[in-house]
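Just below is one structure, and these are the notes that go with it.
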Amino acid sequence: MSVYLRVIMIAAALSLGLLFLFPMWKIYLQAPQYPEGLELHIWVNKLGGSSESVLQNFNILNHYIGMEKIHPDSFAELRYMPYIVIAFMVTGVLVGLLGNRKLVLVWVLLLAVAGAVGILDFYLWLYKFGTNLDPTAPIKVPGMTYIPPLFGSKQLLNFHALSLPSWGALGIFLGLVLGGLVYILSKKSVKPQLA
Amino acid sequence: MRALANKLTNLRSGFGLPLALLTGVVLQSCGGDKAGSSQASGVAEDAAAAVYVPPGQHDELYSFLSGGFNGQVSVYGIPSGRLLKVIPVFTQQAENGYGYNEETKPMLMTSHGFVPWDDLHHPKLSRTDGMADGRWLFANGNNTPRVARVDLKTFETVEIMEIPNSAGNHCSPYPTNNNEYILAGTRFSVPIDMEKGGMGDASLDEYEEKFRGSISFIKVDKDNGDMELDFQVLVPGFDYDLANGGKGPSEDWVFFTTYNTERAGTLKELGASQNDKDYLAAINWKLAAKYAAEGKAHEMPANYYHNKLDHGTHTAKSTIKKTVRYLLPEECPGMMYLIPAPKSPHGIDVDPTGEYMVVNGKLASSLPVFSFSKMQKAIENKDFDGEVNGIPVFKYESVLYGEVKEPGLGPLHTEFDNKGNGYSTMFVSSEVVKWNVKDLKVLDRMPVYYSPGHLMIPGGDTKDPYGKYMVVMNKITKDRYLPTGPELLHSAQLIDISGDKMRMLLDFPTLAEPHYAQAIVADKVAPNSVKFYKLDENTHPEAVKSEKDVKVTRQGRTVKVNMTSIRSHFAPDNIEGVQVGDTVIFHVTNLEQDWDVPHGFAVMGANNAETLIMPGATQSLRWVPKQAGVYPFYCTDFCSALHQEMQGYVRVSPRGSNVPIKFSTGKPKPVPPAQASVN
């Protein structure tokens, strides 16, 4: 494997570091009386938002419909996900140093699986929050659930919810694309040597 | 996506304006005949467009109009004339609990006890390099001499300083160009007891010998704005009316108008109007500060209050000061001079260059303009015409630059634009007169409705006025608005001064009686506006920051309720064990951490007001129940869809009853079958 490809592989691994610099996903809420909007930021290791107190403000609004309080402690994922990411970064760098094409493939596939599991897990949480409603809630709309969109927008009572991946998710995307590229390009560069 | 939405909004407002104009035209053509009076004729044709701020958009300037006898400051947007806020300063405000709740009561304490009202005349913005900086607003209490500071981050009164040895703090508060000092002169001279301090006793026949005036020099902390009375200058027993600071070449000086130099003690209407000339007093404040620092100051006992709001606890605390330093002009050469000015002058205004001092002699037929450079020369040449109490008096001609001839009747105040013009109000002939400061020629006149007092050009008292608008404040409104019985509101009129001729744009009723006003471009204030208080930074000793920590405790006959409010409930909302005659203090912490979510708190039968608690703050309301019963309390500010449900009960038992203290919020919830527990 050429030096260039090894460097790209290491870059693929390091691009996951974006997850520690930016949120993975953002949920935007807008309502007539929230012209400034409310943003919930989902990081690999924490929950944040457009202001320090965004979780409290989400929870105040959500308690009227009986949604469970969102609290960072409820998500075990926030504790172990950082280690998984670090593991991917370390192994990715090692794969780059070794320059082993098969290991590149394994790394990319594992990252893809991890990403998919992450998105599935995220959806399950959204589903749980959106449907597990307190029967004594002050506002009950028959048949109404409040599952926020996973991707794209949705009207939830007075709130317009928009859910989009953020810069952190780009880290995973770059990891997959660059890793995949290394795998494909390394095949081509190997051929002339054999011929 | 939001950018697109913004574009759409802009597009919509683009259509909105022509529509509104069209409506205006239609209305005018319908009502024109009926109004048909001279009042409509003075209005600029495109006035509606000039003052129209479309819904959802912001004004260009903040203006701060004093409330006069309501003791408040009203904040209006310019050019729309929309009322943005009323800031209670010297007067209790039941609306939000200012002066009623435990935290703000100390703000209105004085050496005379609790004084819940005052007469607020002159707001003045704090300054940096001679320009309004948008940090603080200072204002005077005229009746029980006080100077207040309003913080423009929160639009709250954060400090009030009582002024000793003063009576009628009218000539106040005038900041120097970097707030080094705020100057406050007394309107009424009084006998001052130098031995015991404060106001002394004297027969009213002894006015001439025993009565003295005082001018206070209040130091302002550069960083946090805190005031401190550094020293006073004890001046002859005249009435000190108004003041204004120099700028540029004259920035070390402050000028004060005086009347009653006759020193009449009764029927001043006549007694104070006998001399053909009174004085404009000129004080070199830098020299005064130097004399005070160099040990020329004497000290006398005093007794005055200094009340300050602590940011963390959001609570005002009073400190009682026991001494005051003073200077005597006769011992401080070069510090003070007197310039003869036409009979009983009112406003003194210094033009943006700092060279010209305009004295508005309300009973004079011309408007004299004095020259600062001529004054400097006269000092050099000792061009004096006697002295009063050891203070040199200049010859009128040696300091006079010239007079504006026949400006109108009853000139009261002057402000300046940025093109070398002065604008003066004529109280008696009910008009504003524009004149050129250099050649003293009258350029334009405009009738105003009716009897204007002060006028205000944004920055018109600084070295660089914002010469686009002028606000004239009128004392009499009579037929200008729909009648409302004998008591009518005063009015402000907005005039476009950007062109050669003045153009009347708008008038709007104002609260109580605006005297002076200040204005500043919105960009200097709006970005710093606080949205809510951070709960983490709340250091109120009675604050509870979590519903887990709420409590009700009895100490003797006092019951302390440490409670919280958040949409849409109080914790606790059921309280028992209070007895008739107990003093109950509700310490309510608003747990919200979002913009525009205050919660109010009111309890039935309280001989008190409500209190309005901003997010993150703690406020305390005192209540002494007089009868047994179950008393509701509730949130008074419509906070949420379930605001009406935001209420609770206090059970008050007869004196000596054995009902124990008990409190709760909600009942333990049954776990719904086949579902995980919800919190």
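With the requirement that a residue be out of contact with any Asp or Glu (no Cβ under 9 Å at 6 or more places or on another chain) and at positive phi, what does region B:279-329 give you?
The answer is B:G295, and nothing else.
Could you check region B:265-380 for strands (runs of 3 or more DSSP E) lying wholly inside it with 3 or more residues that are surrounded by fewer than 17 Cβ atoms within 10 Å (Cβ to Cβ)?
Numbers: elements: B:277-284, B:298-310, B:315-327, B:336-342, B:345-350, B:356-361, B:366-371.
Strands (runs of 3 or more DSSP E) meeting the threshold: B:298-310, B:315-327.
Scan region B:87-101 residue by residue and report those that are on the phi < 0 side of the Ramachandran plot and buried (at least 19 other Cβ atoms within 10 Å of the Cβ).
Keep residues of region B:87-101 that are on the phi < 0 side of the Ramachandran plot, which gives B:87-96, B:98, B:100-101.
Of everything in region B:87-101, those that are on the phi < 0 side of the Ramachandran plot and buried (at least 19 other Cβ atoms within 10 Å of the Cβ) turn out to be B:I87, B:P88, B:V89, B:F90, B:T91, B:Q92, B:Q93, B:N96, B:Y98, B:Y100, B:N101.
Taking B:T564, is it away from chain A (no Cβ under 14 Å) and either hydroxyl-bearing (S, T, Y) or surrounded by fewer than 18 Cβ atoms within 10 Å (Cβ to Cβ) (or both)?
On the way: away from chain A (no Cβ under 14 Å): no; either hydroxyl-bearing (S, T, Y) or surrounded by fewer than 18 Cβ atoms within 10 Å (Cβ to Cβ) (or both): yes.
No; evaluated as a whole, the condition is false for this residue.
For region A:65-99, which positions are of a type in the set (V, I, T) and more than 14 Å from chain B (Cβ to nearest Cβ)?
Residues of region A:65-99 that are of a type in the set (V, I, T), as a first pass: A:65, A:70, A:84-86, A:90-91, A:93, A:95.
Correct list: A:I84, A:V85, A:I86, A:V90, A:T91, A:V93, A:V95.
Could you count how many residues in region B:405-439 are surrounded by 20 or more Cβ atoms within 10 Å (Cβ to Cβ) and either farther than 28 Å from B:L489 by Cβ or touching a residue at least 40 places away in the same chain (Cβ under 8 Å) (or both)?
Quick first cut of region B:405-439, residues surrounded by 20 or more Cβ atoms within 10 Å (Cβ to Cβ) only: B:407-408, B:410-417, B:421-427, B:431-435, B:437.
Imposing the further condition that a residue be either farther than 28 Å from B:L489 by Cβ or touching a residue at least 40 places away in the same chain (Cβ under 8 Å) (or both) reduces the set to B:407, B:410-417, B:421-425, B:427, B:432, B:434-435, B:437.
Selection size over region B:405-439: 19.
How do the pairs read when you match residues in region B:627-646 that are modelled with pLDDT of 95 or more with residues anywhere that are among the charged types (D, E, K, R) and not in a loop (DSSP other than H, G, I, E, B), using Cβ under 9 Å and keeping only pairs 6 or more apart or on different chains?
Close Cβ pairs (under 9 Å, with a partner that is among the charged types (D, E, K, R) and not in a loop (DSSP other than H, G, I, E, B)) amount to B:A628/B:R651; B:G629/B:R651; B:V630/B:R651; B:Y631/B:R651.
Determine whether region A:46-61 contains at least one residue that is without any contact (Cβ under 8 Å) to a residue 60 or more places away in the chain, of a type outside the set (G, A, S) and more than 14 Å from chain B (Cβ to nearest Cβ). Step through it out loud before you land on a result.
So in region A:46-61, the residues without any contact (Cβ under 8 Å) to a residue 60 or more places away in the chain come out as A:46-60.
Checking the rest, the ones that are also of a type outside the set (G, A, S) come to A:46-47, A:52, A:54-60.
Checking which are more than 14 Å from chain B (Cβ to nearest Cβ) leaves us with A:46-47.
Yes: one or more hits.
Might you let me know whether region B:570-587 holds any residue that is within 14 Å of chain A (Cβ to nearest Cβ), farther than 23 Å from A:S51 by Cβ and either out of contact with any strand residue (DSSP E or B) (no Cβ under 8 Å at 6 or more places or on another chain) or modelled with pLDDT of 95 or more (or both)? Quick ask: steps written out before the conclusion?
From region B:570-587, those within 14 Å of chain A (Cβ to nearest Cβ) are B:571; that's our starting set.
Going one step further and asking which of them are farther than 23 Å from A:S51 by Cβ, we end up with B:571.
Next, only the ones that are either out of contact with any strand residue (DSSP E or B) (no Cβ under 8 Å at 6 or more places or on another chain) or modelled with pLDDT of 95 or more (or both) stay: B:571.
Among the residues of region B:570-587, at least one is within 14 Å of chain A (Cβ to nearest Cβ), farther than 23 Å from A:S51 by Cβ and either out of contact with any strand residue (DSSP E or B) (no Cβ under 8 Å at 6 or more places or on another chain) or modelled with pLDDT of 95 or more (or both), which makes the answer yes.
Restricting to region A:25-45, give me the number of residues that are free of Cβ contacts under 8 Å to residues at least 60 places away in the same chain, out of contact with any Ser or Thr (no Cβ under 9 Å at 6 or more places or on another chain) and closer than 22 Å to A:L170 by Cα.
Summing the residues that are free of Cβ contacts under 8 Å to residues at least 60 places away in the same chain, out of contact with any Ser or Thr (no Cβ under 9 Å at 6 or more places or on another chain) and closer than 22 Å to A:L170 by Cα in region A:25-45 gives 1.
Identify, please: which residue in region A:20-37 is assigned to a strand (DSSP E or B) and in contact with a Gly (Cβ under 7 Å, 6 or more places away or on another chain) and is, among those, farthest from the other protein chains (Cβ to nearest Cβ)? First the steps, then the outcome.
First, the residues of region A:20-37 that are assigned to a strand (DSSP E or B): A:25-31, A:34-37.
Of the ones still in play, those that are also in contact with a Gly (Cβ under 7 Å, 6 or more places away or on another chain) are A:28-30.
Working: A:Y28: 9, A:L29: 12, A:Q30: 8 Å.
Looking at residues that are assigned to a strand (DSSP E or B) and in contact with a Gly (Cβ under 7 Å, 6 or more places away or on another chain), I get A:L29.
Here is a yes/no grid of residues against (1) charged (D, E, K, R); (2) over 30 Å from A:L16 (Cα atoms); (3) away from chain B (no Cβ under 14 Å):
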residue	(1), (2), (3)
A:F122	no, no, yes
A:F129	no, no, no
A:P135	no, yes, no
A:L156	no, yes, yes
A:S166	no, no, yes
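Given the residues B:T157, B:T104, which is the only one that is in contact with a helix residue (DSSP H, G or I) (Cβ under 9 Å, 6 or more places away or on another chain), buried (at least 24 other Cβ atoms within 10 Å of the Cβ), more than 30 Å from B:P249 (Cβ to Cβ) and touching a residue at least 60 places away in the same chain (Cβ under 8 Å)?
Numbers: B:T104 fails: in contact with a helix residue (DSSP H, G or I) (Cβ under 9 Å, 6 or more places away or on another chain).
None of the others qualify; the one that does is B:T157.
Taking the residues in region B:123-143 that are in contact with an Asp or Glu (Cβ under 8 Å, 6 or more places away or on another chain) and among the small types (G, A, S) as candidates, determine which candidate is modelled with the lowest pLDDT.
The residue in question is B:G130.
Taking strands (runs of 3 or more DSSP E) that do not extend beyond region B:42-100, which have at least 1 residues that are touching a Pro at 6+ places or on another chain (Cβ under 9 Å)? Walk me through how you get there before you give the answer.
On the way: elements: B:61-66, B:72-78, B:83-88.
Qualifying strands (runs of 3 or more DSSP E): B:61-66, B:72-78.
Quick one: what pairs do we get from region B:588-608, first residue away from chain A (no Cβ under 12 Å), second assigned to a loop (DSSP other than H, G, I, E, B) and β-branched (V, I, T), C-beta under 6 Å, 6+ apart or different chains?
B:T589/B:V544; B:G600/B:T636; B:A602/B:T636
Return yes when A:I42 is touching a strand residue (DSSP E or B) at 6+ places or on another chain (Cβ under 8 Å), of a type in the set (A, V, I, L, M) and over 30 Å from A:V104 (Cα atoms) and no when it is not.
Values: touching a strand residue (DSSP E or B) at 6+ places or on another chain (Cβ under 8 Å): yes; of a type in the set (A, V, I, L, M): yes; over 30 Å from A:V104 (Cα atoms): no.
Taking the combined requirement at face value, the residue does not satisfy it.
Among (1) part of a strand (DSSP E or B); (2) out of contact with any Lys or Arg (no Cβ under 9 Å at 6 or more places or on another chain), there is one condition B:V433 misses while meeting the rest; what is its number?
Of everything listed in (1) part of a strand (DSSP E or B); (2) out of contact with any Lys or Arg (no Cβ under 9 Å at 6 or more places or on another chain), B:V433 misses just condition (2).
Go through region B:528-559 and report how many residues are assigned to a strand (DSSP E or B) and surrounded by 17 or more Cβ atoms within 10 Å (Cβ to Cβ).
Total satisfying the criteria: 2.
The values are calculated or read from the model by the stated rules, or taken from the named source; none is laboratory data. This structure is a prediction, so every number in the text was calculated from the model and none was measured. Using ideal geometry, Cβ is built from the backbone for each residue, glycine included, and neighbour counts are taken over all protein chains shown.
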